[in-house]
Amino acid sequence: MSEHSTYTPGSGIEKWLDERLPIIRFSKEHLMDFPTPKNLNYWWTFGAILVMCLGIQIVTGVILAMHYTPNIGMAFDSVEHIRRDVNGGRMIQSFHAVGASMFFAAVYIHIFRGMYFGSYKAPREILWILGVLIFLLMMATAFMGYVLPWGQMSGWAATVITNIFAAIPIVGTPLLELLRGGFSVGNPTLNRFFSLHYLLPFVIAAVVALHIWALHVPGNNNPIGVDVKDTKRDTLPFHPYYTMKDAFGMVLFLIPFAWFAFFAPDILGHPDNYIQFNSQVTPAHIVPEWYFLPFYAILRAIDFNLLFIDSKLLGVIFFGGSILILFFLPWLDTSKVRSGNFRPMFKWFYWLFVVNFVALTYLGAQPAEGIYVILSKICTAYYFIHFIVILPVLGRIETPRPLPTSISESVLGKAH
Amino acid sequence: MNPDASTLALASIEFDLGAIEEGQSVTILWRGLPVFVRHRTQAEIDEAKAVPMSDLKDPATDESRTKEGHEQWLIMIANCTHLGCIPVGESGEFDGWACPCHGSQFDTAGRIRKGPAPTNLVVPPYEFISDTLVQIG
Ligand code: HEM
Ligand code: FES
């Protein structure tokens, strides 16, 4: 939104720079003066919190990589060495491992915020799609990072996840061998995962830049979902109003983060990962990291063949579909009203979807037997029904509540 | 980035069954893959033979999964045909194997009976060189 530029180079050197690389002008426009709706609540601080999370992962990760050895004979011990011997290593390692969980907690909040307030709707479809892409890249990165300590959970996660690709017809087996660099998970697998685990966060950073670019074209959505009409009345400059709000949100977020890292660094992990990987024995209770549980429950729920598709491929289709369907959300939701606050029926279905998602998380952690299998199937079916049936239909049958005429009216009441 | 020659070189191995008592299993490595070698009891063989084909998701007779004259020996790649975990032996509802990862269950002939795995545990290509010596691969 360059028309809001108020930058006038102060000194001769700034003027000289501005004519060659207008980086100060750019920063002032996008990081300071950017007009931001004045009614944003704390759910809107999670974008900034996520940037902080990525920063923490990259800084702690680069330091870990200085002490870590990507070799199946030494990887496990090198992580233990980091935790025990390297100066400050205990904290660097726990901030990185806990950081991955906090990163996902923040991204789930960020995604569900977008779903409630309709932030994926026109003109923000590309912004949303880039977000889903970041989510996919994060999953790949976290999965490959989890393999690096080469514990039992690491090795079996690597085995199961690479096998998912083998379900794809025709290219499956060659693809599996390419991912693993062999017939089974071994040293070549660990080496390529380390290489990619180092690379992907920087790819994420690049997609985040596009994500923010796509945000700064239409500007932020807001809790009432009504477009900015009058920049003067409806918005505030990003700095200092939102830099402060975001900074405060970050501090609050760092409290549980620090609690986990300092006092319970292993509480989110699994004891089995402190046993070195043994390709001949699978631990009795295999569960992925908590942030993958809902999708894991969906994968497991499919234990039946359908027509010519076997249960393995079908499970993989549902598993992949549960994430890929998010790409189509902007077109599945047919309602013109963005914010859930003004959609009486959507609101209920939204919370039902949240409960269903939490239920899938719970079910993913339970053994695949008895009632859990049946419930997983019901919740999996509901997950898809929400997107494919409920959202398209709601937009047609629901009568939304009247929208405020402007952001400033919703904040200050009607003008006198 | 595909498997190199040093990986491919381990394609075939020989294994001596002599020390495995009836009712015992061992897990050996072939091409980096774990392989179950089970010395089945008569009860297990009978149980496998009694299963009607119509009960099976991936129908196969017990005979087709063993070598004639060596029916007590069941040799199979240990990785679950779902996503590759190692099922636990002598467990589950069918007295065969139960997979800890997503709950697949196999019978005493290693055939899939329940859960997301689509097919029976895979019998690798192998031959008896003598009564106790097998060559796998
Ligand atoms: C998107 C950002 C990232 C995520 C979500 C992530 C996630 C993870 C996870 C879950 C682990 C396993 C931790 C454990 O159980 O101990 C891990 C390990 C590791 N990561 Fe990352 N990571 C990220 C960025 C990075 C970066 C940028 C680097 C290096 C440049 C890096 C280097 C490492 C190393 C060396 C390990 C193995 C040591 C260990 O297990 O603590 N990571 N990562
Ligand atoms: S790997 Fe055995 S059931 Fe999934």
statement: Applying the span-like rule to chain A (DSSP H, Cα extent along axis at least 18 Å, Kyte-Doolittle mean at least 1.0) gives A:46-67, A:125-147, A:187-216, A:243-263, A:311-324, A:344-364, A:370-385
query: To the nearest 0.05, what FRET efficiency results for A:V411 and A:K229 with a Förster distance of 22 Å applied to their C-beta separation?
result: 0.95
query: Using a simple spin-label model with points 7 Å from Cα along the Cα→Cβ vector, what separation in nm is obtained for A:H216 and B:L133?
result: 7.4
- line: FRET efficiency (A:A206, A:A65; Cβ distance; R0 22 Å; to 0.05) is 0.70
task: Please name whichever of B:P125, B:S104, B:G92 sits farthest to the positive end of the charge dipole of the stretch B:16-136, dipole taken about the Cα centre and charges placed at Cβ: Lys and Arg +1, Asp and Glu -1.
output: B:S104
query: What spacing in nm lies between the two simple spin-label points modelled at A:I170 and A:T6, each 7 Å away from Cα in the Cβ direction?
result: 5.9
statement: In terms of the charge dipole of the protein assembly as shown, which places +1 on Lys and Arg and -1 on Asp and Glu at the beta carbon, the residue among A:P400, A:V251, A:T45 farthest towards the positive end is A:P400
query: Between the stretch B:12-56 and the stretch A:1-77, how many Å separate their Cα centres?
result: 59
message: Under a Cβ-only charge scheme (Lys and Arg +1, Asp and Glu -1), can you give me the dipole magnitude of the protein assembly as shown about the Cα centre, in debye to the nearest 20?
response: 2820
message: Take B:T61 and A:L136, extend 7 Å from each Cα along the Cα→Cβ direction, and tell me the distance between the two endpoints in nm.
response: 4.8
- line: With the dipole of the protein assembly as shown defined by +1 on each Lys or Arg Cβ and -1 on each Asp or Glu Cβ, the option from A:G12, A:F202, A:T189 whose Cα lies farthest towards the positive pole is A:G12
- prompt: Taking each residue of A:278-285 in turn, how many C-beta atoms of other protein chains fall within 10 Å of its C-beta, and what is the average?
  reply: 6
statement: Charge tally for neighbours of A:T45 with beta carbon under 14 Å away, counting Lys, Arg as +1 and Asp, Glu as -1, is +1
- prompt: Can you give me the Cα centroid spacing of the stretch A:234-282 and the stretch A:112-142 in angstrom?
  reply: 20
message: If I take every Cα pair under 8 Å that is 6 or more residues apart in chain B, average their sequence separation and divide by the length, what percent do I get for the relative contact order?
response: 23
query: Among B:V35, B:V88, which comes first, then next, by fewest other beta-carbon atoms within 10 Å?
result: B:V88, B:V35
query: Remind me, relative contact order of the stretch A:36-414 in percent, using alpha carbon pairs under 8 angstrom and six or more residues apart?
result: 24
- prompt: Computed FRET efficiency, Cβ-Cβ of B:S54 and A:L352, R0 45 Å: what is it to the nearest 0.05?
  reply: 0.65
query: Can you give the net charge of the other residues whose Cβ lies under 13 Å from the Cβ of B:L33, counting K and R as +1 and D and E as -1?
result: +1
statement: Filtered hits (aspartates and glutamates, Cα-Cα < 15 Å from B:K57, offset >= 8 within chain) -> A:D303, A:D310, B:D107
- request: Per DSSP H run of at least 4 residues, take -39500 (n - 2.57); add these up for chain B, divide by its residues and hand me the 222 nm value, nearest 500 deg cm²/dmol.
  value: -2500 deg cm²/dmol
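All of the numbers you see were taken from the coordinates with simple rules; none came from a lab. The shown structure was predicted, so the numbers you read here are calculated from the model rather than taken from an experiment. Cβ coordinates were reconstructed from backbone atoms using ideal geometry, including for glycine residues, and neighbour counts include every protein chain displayed.
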